[in-house]
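Only one structure is covered here, and it is reproduced in the block below.
The values are calculated or read from the model by the stated rules, or taken from the named source; none is laboratory data. The structure displayed is predicted, hence computed values, not measured ones. Cβ placement follows ideal geometry from the backbone for every residue including glycine, while neighbour counts extend to all protein chains displayed. Side chains included, ligands, DNA and RNA excluded: accessible areas come from the protein's heavy atoms. Shrake-Rupley method; radii C 1.70, N 1.55, O 1.52, S 1.80 Å.
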Amino acid sequence: MRRISLMFRLVAVYSVLATAGLPASEAPLTLQSAGTPRQLDAPILGASTTVFYEHLLNDPVKIAALKAMSIGLDRFPGGSDANFYSWRTGLIEVQTHPNSSGYIQFWAKAAARIAQGMPHGVTLEQYDGLSHQIGAQVVLVPNLESSSVADQVEWFKRLAHAGIVPERIELGNEYWVAMGNDPASLARWPDEPTSMRIMKGYVDALKPYLPPNAKLAVQGAAGAIDIRSGRFGQRLKQWDEDLRPEPWFDAVTLHLYPRLRDVMGDPDAGTTAPTPTNALPRLKAMLARTDEGIERILQGTERRLPGKQIWITEWNARGVNPVVQRGVEEPMSPAMEMLATTRMALVLLRHPSVTASLFFSLGFNDRQHATFVSDGRGSYAPVPTAAALRWLNEAANAGGSFQRVVQAGARAVAGQGAQNESYLPMEGGLFQSGTRATLILENASADTFSFDPATLMPNRRPSKVEFISMPELSETAILPARINTGNAGGVVAVAPFSVTRVVWE
């Protein structure tokens, strides 16, 4: 294993450490490379937008905020709503029946609200224009659930005539969940072999209208991240076990949502706010799940589908279900979300098989999960999680290479959650593209270190040093990220519970 001699002298910041409630460490720190470098075929990092839930297409201020995020990939028309998208109206059209599942009924109500707020819908032609403005490429999710093969062929004919069929096609969304055990959806998608045959039928019909370099992705259930038992848990497990590499598809999609209640093995953990007492245990458990837990899923998928790409078309490390019910407290603070999100992104980047990763999602109108908030000057500023993602996007989507770096000799920290999982307190990545290099370091400990950039890049002075430090782990206020400027001319302080970016031009 090649070592990068990065020597750190520990500096005690007693006021911060007292706030975090942890003692200072006196040991020096050395970073070393872990594994081999991987090539980054840009774009690789992206995000879902909220185009159906708030007006984005004609809002230059929001478009500018999205463009500043440097996302390389976005997704249309979305996730579960894509299974009911009508390209003719640009709307979500959900038919319900007396025995429809609660999930189907939820989407029927959501579709009605969308139609009320956007009666003309959103077409791919419109969304493609938005994507060009923000610098992203579209991952298209056709409707294989409620639209016939012939209908989808007509859509792709139209898109091909306009020259806007995306190169990445995600063959529907979450058939393994069968829209929440809905009888009609389960009848169509009873198991993985049946679902693969249906998807293959659509692919054969759509082939004449696909770009020469089109990539097609089928669905993995990522059942290992969901510890629920019973028939649904068995369905997820069986779905993944039935997956086989076949020549007609190029990739498999995974949706990764570690839920704090499952991670901790405590249902109440997903419904109560963070406190000074529970914040650090929750953070440790989530870091372990987003590190070693995600590693387990990716490695299992790679063994099951050798040679196939992995697209993480939905992921989020915020700790709860994607839809938070009224009256349920957010169980993770902005600091915890930033650290868990950064760790998860760095883990995904370790794997050359992961060629697409889309954060879910970037939005402006949800206070609990907003990624942008008002900056008080008529525009929007990213929250800490979004600011850290922006740094990762800028580095990874420039292409070049990624090298994981870790603390030499570090001991893994036990997550102490429901699973036997752990993580290293210091995790980083060195991105190199042309003459530009970027080091992103996550310090998930209460210790403060000092870093001499010359030990990594001799004779090159950094052009930029920035960091976000959030030692108040239980603070729940949703505020713009406070990005601090570090010393680009000498020793750089790596603050507690922080993400640091060092850039060499």
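What is the range 19-173's relative contact order, in percent, from Cα pairs under 8 angstrom and six or more apart in sequence?
Relative contact order, the range 19-173: 26 percent.
What does the net charge come to around VAL153 if you take all other residues with beta carbon closer than 11 Å to its beta carbon, with K and R at +1 and D and E at -1?
Net local charge, VAL153 excluded: 0.
Take each of the peptides 163-169, 352-358, average the number of other beta-carbon atoms within 10 Å over its residues, and list them starting from the highest.
The most tightly packed comes first, giving 352-358, 163-169.
Could you tell me whether the range 143-186 comes out rounded, prolate or oblate from its Cα gyration tensor? Rule is a ≥ b ≥ c as square roots of the eigenvalues, rounded for a/c under 1.5, then prolate if a/b exceeds b/c, otherwise oblate.
Note, shape of the range 143-186 comes out oblate.
Would you pull out the residues with amide H under 5 Å of ALA408's amide H, same chain only if 5 or more places away, H placed 1.01 Å from N?
Long-range HN contacts for ALA408: THR30, LEU31, GLN32.
Pop out the ³J(HN,Hα) list for the range 470-480 in order, Karplus 6.51 cos²θ - 1.76 cosθ + 1.60 with θ = phi - 60°, rounded to Hz; leave Gly and Pro as x.
For the range 470-480, the Karplus-derived couplings read 9, x, 7, 5, 9, 5, 9, 4, 9, 10, x Hz, x marking Gly and Pro.
Among the DSSP beta bridges whose two residues both lie in the chain, what percent are antiparallel, rounded to the nearest 5?
65 percent
For the Cα atoms of the chain, what angle does the longest principal axis make with the long axis of helix 102-117, in degrees from 0 to 90, nearest 10?
Taking the Cα atoms of the chain, the angle to 102-117 is about 90 degrees.
Per residue Cα convex hull volume for the range 181-306, in cubic angstrom?
147 Å³
Provide, in order from the shortest bin, the percent of all Cα-Cα pairs of the range 401-505 in each 5 Å bin, continuing until the bin that contains the maximum pair distance.
Taking all Cα pairs of the range 401-505, the binned fractions are 2, 11, 20, 22, 19, 13, 8, 4, 1, 0 percent.
With Rg and the Kirkwood Rh both taken from Cα atoms, where does Rg over Rh land for the range 281-423?
Computed over Cα atoms, the ratio is 0.98.
Determine the calculated [θ] at 222 nm for the chain from helices alone, applying -39500 (n - 2.57) to every DSSP H run no shorter than 4 residues and normalising by the residue count; nearest 500 deg cm²/dmol.
It comes out at -9000 deg cm²/dmol, rounded to the nearest 500.
Straight-line reach from LYS207: which lysines fall under 21 Å, measuring Cα to Cα and dropping same-chain residues less than 8 apart?
LYS157, LYS215, LYS308
In whole Hz, with x marking every Gly and Pro, tabulate ³J(HN,Hα) for the range 173-178 from phi via Karplus 6.51 cos²θ - 1.76 cosθ + 1.60, θ = phi - 60°.
Along the range 173-178, the couplings run 9, 6, 5, 5, 8, 6 Hz.
Which angle between 0 and 90 degrees, to the nearest 10, do you get for helix 124-134 versus the longest principal axis of the chain when only C-alpha atoms count?
For helix 124-134, the angle is close to 10 degrees.
Between the range 239-311 and the range 376-404, how many Å separate their Cα centres?
22 Å
Net charge near ARG461: determine it from the other residues with C-beta under 13 Å of the C-beta of ARG461, scoring Lys and Arg +1 and Asp and Glu -1.
0
Give me the lysines in straight-line cross-link reach of LYS464: C-alpha distance below 28 Å, same-chain residues under 8 apart excluded.
Once the sequence-local lysines are set aside, what remains near LYS464 is LYS62, LYS67.
Estimate the FRET efficiency between GLN299 and THR36 by the formula 1/(1 + (r/R0)^6), using the beta-carbon distance for r and 22 Å for R0, to the nearest 0.05.
0.90
Could you estimate the translational diffusion coefficient of the range 89-188 from the Stokes-Einstein equation, with Rh from the Kirkwood formula over C-alpha pairs, at 25 °C and 0.890 mPa s, in whole µm²/s?
162 µm²/s
To make sure I understand the rule: partners must be aspartates and glutamates, Cα under 12 Å from the Cα of LYS237, and not fewer than 8 residues away in the same chain. Which ones qualify?
Cα-Cα hits under 12 Å: ASP191, GLU192, ASP226.
Which percent of the accessible heavy-atom area of the range 356-402 goes to carbon and sulfur, probe 1.4 angstrom?
Carbon and sulfur atoms account for 46 percent of the accessible area of the range 356-402.
Explain nothing, just the number: relative contact order of the chain, from Cα pairs under 8 Å at least 6 residues apart, as a whole percent.
Relative contact order of the chain: 19 percent.
Give the Cα extents of the chain along the principal axes, in whole Å, largest first.
66, 49, 47
In a shell of Cβ-Cβ distance under 10 Å around PHE84, excluding PHE84 itself, what net charge do Lys and Arg (+1) and Asp and Glu (-1) give?
-3
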